[in-house]
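Step one of this worksheet: look at the structure below.
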Amino acid sequence: MSLKVVTALKARQIFGTIMNAVSFRNDQYIVERKGMPMVAIIPVKKFKQIDKARQRFFSNMSKISDSFIGEEANKLDDILEEATQAAKKIELSQE
């Protein structure tokens with residue numbers, strides 16, 4: 001597996017080769033236009049993993065949001081501050 005960068009023009013010229021490299025060797029490509037990254041070409045398996053993680057994230061965020069319905073704003077601020085401090089403490093202990 002490797003990450004390769006190609007221009008849009010080159011990608012159009014060798015698209016079949018890129019598809020084979022991505023599907024059979026799990027290579028990943030960044031396609032640039034005028035030196036700026038525009039798109040990534042990744043294996044379908046990787047895309048499905050990313051999509052599943054995205055769905056889990058938004059599902060969890062929805063559950064968290066729903067759990068705070070009816071809570072007072074000040075109480076939410078206190079909860080967020082407590083969570084932030086706990087996360088910082090964990091981060092410092094891992095350094």
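The values are calculated or read from the model by the stated rules, or taken from the named source; none is laboratory data. Note that the structure is a prediction, hence the values are computed from the model and not measured. Every residue, glycine among them, receives a Cβ derived from its backbone with ideal geometry; neighbour counts consider all protein chains shown.
Residue-wise test of (1) of a type in the set (A, V, I, L, M); (2) modelled with pLDDT of 80 or more; (3) part of a helix (DSSP H, G or I).
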| site | (1), (2), (3) |
| --- | --- |
| Gln49 | no, yes, yes |
| Arg54 | no, yes, yes |
| Asn60 | no, yes, yes |
| Ile64 | yes, yes, yes |
| Gly70 | no, no, no |
| Asn74 | no, no, yes |
| Glu82 | no, yes, yes |
| Lys89 | no, yes, yes |
| Glu95 | no, no, no |
Taking the criterion of being charged (D, E, K, R), more than 23 Å from the chain's Cα centre (by Cα) and surrounded by 10 or more Cβ atoms within 10 Å (Cβ to Cβ), would at least one residue in region 44-58 satisfy it?
no
Residue check for Arg54: in the same structural domain as Thr7 (by TED's automatic domain parsing) and out of contact with any Lys or Arg (no Cβ under 8 Å at 6 or more places or on another chain)
no
